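Enquirer: Here it is, the structure, as structure tokens.
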Amino acid sequence: MSPLRRIAPSLLAACALAPAADAPVPPLRVTVAAEPESLDPALARSVSAVFVCRQLFEGLVELDPETLEPLPASASSWEVSDGGRTWRFRLGARRWSDGTPVTSADFARAWRRALDPRLAAPYAYLLFGIRGARAAYEGKGDPAAIEIEAPDPGTLVARLERPDPSFAALLSFPTFFPVPKGAEADAAWTEPGRIVSNGPYRLAARRRQRDLDLAESEGYGGARPAIPAARILVIEDLNTGVMMFRAGEADWVRDLPASQIPALRPLPGFSSAPYLGTYFYRVNVRRKPFDDPRVRRALGRSIDRDLLVKALLPGGEAPARSFVPPGLPPYDPPAGPAFDPEAARKDLADAGFPGGRGFPAFSILFSTSETHRRIAEAISGMWSKHLGVAADLKPMEAKAALEATQKGDYDVARSSWIADVPDPMNFLEIFESGSGNNRTGWASGPYDGLLASARDEADPARRAATLARAEAILLDGGPILPIHVYANQALVSPRIRGLAANPLNHQLLKRLRRE
Amino acid sequence: MALALVGSLGRKGATLLAVLTLSFFIAGWIRPSPFAEERGIPEAVRRAEERRIGLDRPLAVQWARYMGRLARLDLGDSWRYDQTVNGILASALPHSLLLGSLALAAAIPAALLLGVLAASRRGGWLDALLLAKTTLWILVPPFVLGPVLLVLFSVRLGWFPVAGWGTARGAVLPVLALAPAYAAALFRLVRGGIVEALDEPFSRAARARGCSRARVLWRHALRPGLAPALGYLGPAAASVLTGTLAVEKVFAIPGLGKHFVDAVLQYDRNVLLGTVLVYTAFLLALTAVTDGIAAWADPRMRADRRGARG
């Protein structure tokens, strides 16, 4: 018998038993509702841009997907000293996608870059807690005085104006992500083929207005993602996104059309969770009679939020009892004015308008949208019924409506605020008297004082209590009428695991796995 | 001939410039700030940004600078995206052109065939059926038809992808959503034009000379009968080739239509002017082409023009 014939059976058996070559893992297909306007972490503004930047880049810290507690990311550890003012970070072993090590100088350079007013970084204000930062940004101080140091490649030190226990959570925001050397000089550094990133994924390809392909970054240095590739699909038509999910062309659809929510609820893979955002009305206190807190209290007490949410918002939104949504322990938001038409009528009568007599007609300004219109119609109806006041609707194109609000050219204006970071201060500071986001003309010394006091407070529980007292002032006849808390809905393939419903909708693809 | 051509090009160039200038000043006059956002940036930074893009200058100065860049074929940067307008047009226009071309390639032959058929059987049951059907197609806009096609053929039957633009199968439903409206409008113009031409003295004379119905139709009435359809086709082609927002959005096609609407809503003036430029250029060019074809098709138009020139 020839040698080949002797070993042939064994060979054949070995071939049969050998594992098949690893089948390539298909990319995770995720939809976003808008093209990211930039992949530069300092310039990312929209939800889609922030989402993509979070996959391509990594900050010192990331947030636990369930509790939103800060966890080590590029920083392996950190220590806080000097009464909460000095933060020292030790960097772990991480590499850029081009293989070069990530160093503390990369972070320091990126933070200073974000504070350069010429960059017009939309979230530069998040760095204002660093000593010297605000002054440099506003042109009143020397940029060299910004207290960010990189004493060695593995250590980054930041000194804050005041103790801030939430500083670690801030660092999860893309504005604090590092950028590679040369980004300042190369306006096109985020183009495919040129972009260098430090996260678990790198940009493999990009077709504008269509999709972005992410591939595992071999040099990353952290835990390897279970899903090595993802395709982020830009699908602006939310109904199309739903159809793609139903047809098996998308694994995770992050934005759903509100009108379809009731029909989508029974689908396996549907999820709804509270979102850290509040839909509210601003009241222009510079205009009579809205300068009277009794008038504002009357308006707030005559909105039946439970009825409004039940009738008009099928997506899991909750009535807003406060401005800061729940879900930020240890912060416990105070209860704002409940629906109480009798008390509202009394407030209005005390203000000199019994039964609404003599109250001038006014308008509710909102950006053109069917949802905003329906809510405004309902609230106008409630005010008419319970107070006898007439509010007409003033829809306007979005940017024009924003400009009108910024210029104070409105009576009552629809607004919303979505948290950038899980901190109640992120909501409350917009109504400080000097804040450019105030836009109501309202100013309260006690309110400002409490916020200032909270900024100096290192203990989280005491800080939370101080902020709650401030919010109570805001809600009692203040310039806002909270209406509902946002909810975030999604469709996720049941085969995808690892997504946690947190109120920031802060999701990292590296934590997902496919079953 | 060469002089006439140069003259024609000159007039079209002047028209293009006038449209751009008018658009520029209208956009500049009614503008909100492009930096108006819910989460406002500090006033000093907003002013610095407006200075960087030249919004602090008088509108006439901004226009002069824009025209200077335009002479170098530089349409400027998008104020919203990290892209130049040239880059946006280069990436988006081919998709719109392809979608529009496929839709026209489907619509024109169908309209011609059915229009001739209906005209030749004017008043009959086939004519009535085709008129009714095409009325329906005109009444059902692409943004309604598109989702219906998707639900039926993609979600329920799985025959075509929902967002598969870039593949042959992925192009079928967008074309099916877009073509019928144009086919229907063209059909009615072809049918009406041929019917009218069949009633003209030259057609009656041909019949009197003993020409068959088919000969009268094909030899005498068809070419002049196409003139109204050709008059419609120029602007229609310009419109469909430069982006149809509804179909592009529903089928996730990265075309130009979406950019035009977004540029208006976001006040991205450079992108807005870039899309106006492209659309106007297409409109002028295609109208000239279809006018030329119409003149070839209908000798009376050539005679009219010669008469007008004295």
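Enquirer: With an 8 Å cut-off on Cα pairs and a minimum separation of 6 or more residues, tell me the relative contact order of chain B in percent.
Expert: So the answer I get is 23 percent.
Enquirer: Normalise the Debye intensity by I(0) for region B:1-130, one equal point scatterer per Cα, no solvent, then take log10 at q = 0.13, 0.19 Å⁻¹ and round to two decimals.
Expert: Results for region B:1-130 at q = 0.13, 0.19 Å⁻¹ read -0.83, -1.20.
Enquirer: Calculate for the protein assembly as shown the 222 nm mean residue ellipticity that helices alone would give, adding -39,500 (n - 2.57) per DSSP H run of length 4 or more and normalising by residue count, nearest 500 deg cm²/dmol.
Expert: On the way: 29 runs with 369 residues, N = 825.
Calculated mean residue ellipticity at 222 nm is -14000 deg cm²/dmol.
Enquirer: Something else now. Tell me the net charge near A:Trp189. Cut-off is 11 Å between Cβ atoms, A:Trp189 excluded, with +1 for each Lys or Arg and -1 for each Asp or Glu.
Expert: Computed value for this residue: -3.
Enquirer: Something else now. Just want the ordering: B:Lys133, A:Lys288, from fewest to most Cβ atoms lying within 10 Å of their own Cβ. Could you put the intermediate results ahead of the total?
Expert: Numbers: B:Lys133 14, A:Lys288 9.
The order, fewest Cβ neighbours first, is A:Lys288, B:Lys133.
Enquirer: Here's a follow-up. How do A:Glu317, A:Glu191, A:Glu370 line up, fewest other C-beta atoms within 10 Å first?
Expert: The fewest-first ordering by Cβ neighbours comes to A:Glu370, A:Glu191, A:Glu317.
Enquirer: Pick out, in residue order, every one of the trypsin sites (Lys or Arg not before Pro) in region A:66-142 that is DSSP loop and has at most 15 other C-beta atoms within 10 Å; say none if there are none.
Expert: Working: sites: A:Arg85, A:Arg88, A:Arg90, A:Arg94, A:Arg95, A:Arg109, A:Arg112, A:Arg113, A:Arg118, A:Arg131, A:Arg134, A:Lys140; in loops: A:Arg85, A:Arg94, A:Arg131, A:Lys140.
Within region A:66-142, the qualifying trypsin sites (Lys or Arg not before Pro) (loop, at most 15 other Cβ atoms within 10 Å) are A:Lys140.
Enquirer: Arrange the following residues from fewest to most other Cβ atoms within 10 Å of their Cβ: A:Ile195, A:Ile235.
Expert: Going from sparsest to densest Cβ surroundings: A:Ile195, A:Ile235.
Enquirer: Which aspartates and glutamates, if any, have their Cα less than 17 Å from the Cα of A:Lys181, not counting same-chain residues under 8 positions apart?
Expert: Once the sequence-local aspartates and glutamates are set aside, what remains near A:Lys181 is A:Asp40, A:Glu58, A:Asp98, A:Asp106, A:Asp116, A:Glu149, A:Asp152, A:Glu191.
Enquirer: Taking θ as phi - 60°, what are the ³J(HN,Hα) couplings along region A:325-332 by the Karplus curve (6.51, -1.76, 1.60), each to the nearest whole Hz, with x for Gly and Pro?
Expert: Coupling constants for region A:325-332: x, x, x, 10, x, x, 6, 10 Hz.
Enquirer: Follow-up question, since we're still on this one. Around B:Thr84, which amide H atoms from residues at least 5 apart in sequence, or from another chain, sit under 5 Å from its own amide H, with H modelled in the peptide plane?
Expert: Residues meeting the amide H criterion: B:Ser78.
Enquirer: Also, quick follow-up: Would you work out the Kirkwood radius for region A:225-270? I mean one over the mean of 1/r across all pairs of different Cα atoms, in Å.
Expert: It works out to 11.6 Å.
Enquirer: Quick one: pull the percentage of alpha-carbon pairs in region A:107-231 with a separation above 22 Å.
Expert: The calculated P(r) of region A:107-231 puts 46 percent of pairs beyond 22 Å.
Enquirer: Okay, moving on. In region B:1-89, what trypsin sites (Lys or Arg not before Pro) fall in a loop by DSSP, with at most 12 other Cβ atoms inside 10 Å? Before the final figure, lay out each step's value.
Expert: On the way: sites: B:Arg11, B:Lys12, B:Arg39, B:Arg46, B:Arg47, B:Arg51, B:Arg52, B:Arg65, B:Arg69, B:Arg72, B:Arg80; in loops: B:Arg39, B:Arg72, B:Arg80.
The qualifying sites are B:Arg72.
Enquirer: If you take each beta carbon of peptide A:202-210 and count the beta carbons of other chains within 10 angstrom, what is the mean?
Expert: Average neighbour count from other chains, rounded to a whole number: 4.
Enquirer: If the reach is capped at under 25 angstrom between alpha carbons, list the lysines near A:Lys288, excluding any in the same chain fewer than eight residues apart.
Expert: Those lysines meeting the cut-off are A:Lys346, A:Lys385, A:Lys394, A:Lys407.
Enquirer: Based on the Kirkwood radius over alpha-carbon pairs, what is the Stokes-Einstein translational diffusion coefficient of region A:229-298 at 20 °C with 1.002 mPa s viscosity, in µm²/s?
Expert: The diffusion coefficient I find is 136 µm²/s.
Enquirer: On to the next question. Looking only at other chains, what is the average number of their beta-carbon atoms within 10 angstrom of each beta-carbon in A:229-240?
Expert: Partner-chain Cβ atoms within 10 Å, mean over residues of A:229-240: 4.
Enquirer: Continuing with this model, one more query. Which semi-axis lengths, in whole Å and largest first, follow from the square roots of five times the eigenvalues of the Cα gyration tensor of region B:189-285?
Expert: 44, 13, 8
Enquirer: Would you mind classifying the protein assembly as shown by shape? Square roots of the alpha carbon gyration tensor eigenvalues, ordered a ≥ b ≥ c; an a/c under 1.5 is rounded, otherwise it is prolate if a/b is larger than b/c and oblate if not. Could the numbers behind the result be given before it?
Expert: Numbers: a/c = 1.85, a/b = 1.42, b/c = 1.31.
Prolate shape, in that a/c is at least 1.5 and a/b is the bigger ratio.
Enquirer: Okay, next question. From other protein chains only, count the Cβ atoms within 10 Å of every residue's Cβ in A:75-82, then give the mean.
Expert: That average works out to 0.
Read-outs: derived from the displayed coordinates by stated rules, not from any lab. Keep in mind the model is a prediction, meaning the values are calculated, not measured. Using ideal geometry, Cβ is built from the backbone for each residue, glycine included, and neighbour counts are taken over all protein chains shown.
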